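The values are calculated or read from the model by the stated rules, or taken from the named source; none is laboratory data. All values reported here derive from a predicted model rather than from experimental measurement. Ideal geometry is used to build each Cβ from the backbone, glycine not excepted, and the neighbour counts take in all protein chains shown. Remember, those area values only see protein heavy atoms, side chains included, never the ligands or the DNA or RNA. Shrake-Rupley method; radii C 1.70, N 1.55, O 1.52, S 1.80 Å.
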Amino acid sequence: MKSVKRTRPGGGFRAVFYTIGKALEVGPWKLWQKMRSSNACKTCAVGMGGQLGGMVNESKNFPEVCKKSLQAQVADMKGAIPIDFFERNDLSALLALTPKEAEDAGRLIYPVVLRPGAEHFTPVSWETALDIATSAFKETSPDRTAFYSSGRSSNESAFILQSFARIYGTNNVMNCSYYCHQASGVGLKMTFGTGTATIELEDLEKCDLLVLLGANPASNHPRLMTQLANLRRRGGHIIVVNPIKESGLEKFHVPSQMHSLIFGSEIASLYIQPLAGGDVALLVGVLKALIERSRVDNDFLKQHTIGHEEALASAQATEWSLIEAASGVAKASIEEMAGMIALGKAVIFAWAMGLTHHQSGVDNILALCNVALATANVGRPGTGLLPIRGHSNVQGIGSVGFAPAMQDGIRRTLETLYGKPLPSTDGYDIYSTIEAAQQGKLDVLFALGGNLWGSNPDSVWAADAMQRVKTTVYLSTKLNPGHFHGRGQTTLILPVLARDEEPQSTTQESMFNYVRLSDGGAVNVKGQMRSESDIICTLANGVLGQEPVDWLRLGNHHEVRKLIAEALPGWGEIATIEQSRKEFTIGGRVFHTPHFPTATGKATMQSTPVPVVDFDGLRLITIRSEGQFNTVVYENADIYRGMPHRHCVLISAADARKLGVFDGQSVTVHGEAGSMDNIEIVIGAIRDGVVAMFYPESNVLIKGRVDPRSGTPSFKSAPVRIEVPVRGDAK
Ligand code: SF4
């Protein structure tokens, strides 16, 4: 049964023609002006734009732009949802919308409400909408409310909203990173005392080896591919660890480099395809191989770490047979990987959700930190650890305190502002919020952007839970299926201004700990949209009054930034960023010397026992396609993987042979939480034993197997079974 070769190398002329097509949709000059405006890119956390100018990164490179940034910008410029849209589409029609159809409906420009028992959302005035929201908060107790933020919001609105929640009386404050990089934050903090990248962008230009794990930047962070192509061109190497042999990680055509655009750039020097969920075993194997080859830097470990003896002993004691079986990777390949790392003069380890979306997510990060420390690849220029973050400000909203646990500095600042102690109760993270909703413990859910329902595992369970909430308030630029499946008994969807439409400047933090200032600008579409901070301050003022906190004064971002500077170590410069227009790297985050913000000043290594996978059979990994960003779908096809639409399952030729299915055949996929019919078989470059389907649609299959330390469900090693239709049913 031959595998159908439909994949394409990443980037290249296709990306260029796509860009031209997008520009023609909204007008090339209008798009150019918007892309050149001093606003941070709205899409991923690599970061570009801001005060250095649109399409410029902090190394002052131009043009720094990609398909993803254009898709997001054009989507904000593409016209408004007609006023009769909700009249023409009742709830059942809205529930049937695909992510792409909801996205393509256009910008939401007027508030809408779905009242209890109604079959239609109806447009409503801002006054009425805010009255409904205010009453909802006033009619319940703080412990029965929860606040969620996606990573596209500004630092200012996130800081104001978490302040409102705390002063209102709850710590049920959670952000979207609980379902993406929370394990990175927890693991890095346990090891180094700080939970973000230990490097800045320039370090990528100084390393000679990059180990890329569980990530596909060719699709999700395209400008990172320029760094990878440059690394190979200067004689460096790249090890890719991913169950899928991603075409864009084998060869990528960097559109902004003529030679690469035409001939392509080799990316992976070594490609390791482990079993999904086999990362701890693989990384313990690498550490064991380093020990067996006497390539561990024991002097570095003695001087700059604690716990290394136990971590090394644990790895050494782990049998190769267990390592090979659990990782699905041969000893020889693991030794080859260890050998390349040992030879590296300056090594950076970068990863995405392929490492964090597991019940052992935190252990994956700890095991990776162990390998980096054992080879002294932290605390020197060109070395370190880089979680490749998703949304453009997901790191920022976490930094400014949008999480259940309140940082000491924020508590001090807010208690001074409020003049009273704030709650010290444990707050819900995302998963426990949905559990609370399921148990009828939630009266009000307030969501700043995002698609909370869509991001959850077990979509049927999540919908049932969220529909038990009395009042749900969404602040959004466009529609998504979560507004309807994740509706409350009363649901408000309030239209917000996009980042480049804000009347005041806002700030965002990239995954390189770099804070940008976005100027805002003219609206892309005329309507009744309001800024996030304006809505939140008006609501807080309505619920809590103007004493002791003057919420309306806090609507001024300069005032908010002064509080952030006071509350957060390393953020002092934000207080005057609007005047100085000087963007900055947050202090205490980037390590070019091996001294870490821990009690001992040393890093802490932890043993990471190989986890036991308690099921046999195929392991599902949910993936983002080249045509989407997080839950937002811009294109249904994934041109890099040759997956023609959203209802496909990527499977290896060997597994297809075993099941007796062929490319293009329609099957049913069964998971622990549900099933999906009419799923098209796509035979591709994925390793045996692992299959891949698109997120968020395939979340319906996945039960909430959650890593207790990160609160992140296992979206990347879920048990599934493929049912083959009886012969004659085949297409
Ligand atoms: S790589 Fe990310 S930050 Fe850079 S242009 Fe693309 S989407 Fe924007």
* For the range 286-306, state whether one or more residues are among the hydroxyl-bearing types (Ser, Thr, Tyr), open to solvent by less than 20 Å² (accessible area, probe 1.4 Å) and assigned by TED's automatic domain parsing to the domain that holds Val371. => yes
* Do the conditions hold for Arg619, that is, is it under 22 Å from the mean Cα position of the chain (by Cα), assigned to a loop (DSSP other than H, G, I, E, B) and modelled with pLDDT of 95 or more? -> no
* Scan the range 310-330 residue by residue and report those that are of a type outside the set (Gly, Ala, Ser) and surrounded by 14 or more Cβ atoms within 10 Å (Cβ to Cβ). => Leu312, Thr318, Trp320, Leu322, Ile323, Glu324, Val329
* Within the range 74-97, how many residues are open to solvent by 40 Å² or more (accessible area, probe 1.4 Å) and either in contact with a Leu (Cβ under 7 Å, 6 or more places away or on another chain) or of a type in the set (Ser, Thr, Tyr) (or both)? -> 1
* To do: Check the range 411-420 and report whether any residue there is within 16 Å of the ligand (Cβ to nearest atom), assigned to a helix (DSSP H, G or I) and in contact with a Lys or Arg (Cβ under 8 Å, 6 or more places away or on another chain).
  => no
* Asked: Is one or more of the residues making up the range 451-469 in contact with a Phe, Trp or Tyr (Cβ under 7 Å, 6 or more places away or on another chain) and under 24 Å from Lys42 (Cβ atoms)?
  -> yes
* **Residue list for the range 211-245, filter: closer than 21 Å to Leu283 by Cα and more than 16 Å from the ligand (Cβ to nearest atom)** => Val211, Leu213, Gly214, His237, Ile238, Ile239, Val240, Val241, Asn242, Pro243, Ile244, Lys245
* Asked: Mind checking whether some residue in the range 604-611 is open to solvent by less than 40 Å² (accessible area, probe 1.4 Å) and not in a loop (DSSP other than H, G, I, E, B)?
  -> yes
* Could you check the range 143-238 for helices (runs of 4 or more DSSP H) lying wholly inside it with 3 or more residues that are open to solvent by 10 Å² or more (accessible area, probe 1.4 Å)? => 182-192, 224-233
* Structure fact -> Residues of the range 654-702 being among the charged types (D, E, K, R) and under 21 Å from Val329 (Cα atoms), in sequence order, are Asp655, Lys658, Arg687, Asp688
* **Condition check for Gly601: within 23 Å of Gly248 (Cα to Cα), surrounded by fewer than 24 Cβ atoms within 10 Å (Cβ to Cβ) and not aliphatic (A, V, I, L, M)** => no
* Only one residue in Gln182, Gln227 is at pLDDT 95 or above and within 30 Å of Leu322 (Cβ to Cβ). Which one? -> Gln182
* Asked: within 16 Å of the ligand (Cβ to nearest atom) and either in contact with a helix residue (DSSP H, G or I) (Cβ under 6 Å, 6 or more places away or on another chain) or not charged (D, E, K, R) (or both): does that describe Gly27?
  -> no
* Structure fact -> Result of the Cβ filter at 6 Å on the range 49-71, keeping first residues that are in contact (Cβ under 8 Å) with a residue 60 or more places away in the chain and partners that are part of a helix (DSSP H, G or I) and more than 10 Å from the ligand (Cβ to nearest atom), at least 6 apart or interchain, is Glu58/Leu201; Ser59/Leu201; Lys67/Ala15; Lys67/Tyr18
* To do: Please specify each residue of the range 306-358 satisfying the condition of being small (Gly, Ala, Ser), touching a Leu at 6+ places or on another chain (Cβ under 9 Å) and assigned to a loop (DSSP other than H, G, I, E, B).
  => Gly328, Gly344, Ala346, Ala352
* Structure fact -> Flagged in the range 43-102 as of a type in the set (A, V, I, L, M, F, W, C), within 14 Å of the ligand (Cβ to nearest atom) and part of a helix (DSSP H, G or I), in numbering order, are Leu52, Leu70, Ala72, Val74, Ala75
* Subset of the range 622-672 [among the charged types (D, E, K, R), open to solvent by less than 30 Å² (accessible area, probe 1.4 Å) and part of a helix (DSSP H, G or I)] -> Asp655
* Spans of strands (runs of 3 or more DSSP E) in the range 448-522 with at least 3 residues closer than 30 Å to Arg223 by Cα and touching a helix residue (DSSP H, G or I) at 6+ places or on another chain (Cβ under 9 Å) -> 506-509, 514-518
* To do: Determine which single condition Tyr428 fails, assuming it passes every other condition in (1) surrounded by fewer than 24 Cβ atoms within 10 Å (Cβ to Cβ); (2) modelled with pLDDT of 95 or more; (3) assigned to a loop (DSSP other than H, G, I, E, B).
  => (1)
* Filter the range 609-633 down to residues that are among the polar types (S, T, N, Q) and more than 16 Å from the ligand (Cβ to nearest atom), then give me how many there are. => 1
* Which residues, counting only those in the range 50-72, are surrounded by fewer than 18 Cβ atoms within 10 Å (Cβ to Cβ) and farther than 23 Å from Glu502 by Cβ? -> Ser59, Lys60, Asn61, Phe62, Pro63
* Single residue of the range 30-42 satisfying the filter (within 12 Å of the ligand (Cβ to nearest atom) and out of contact with any strand residue (DSSP E or B) (no Cβ under 8 Å at 6 or more places or on another chain)) that is farthest from Ser150 (Cα to Cα) -> Met35
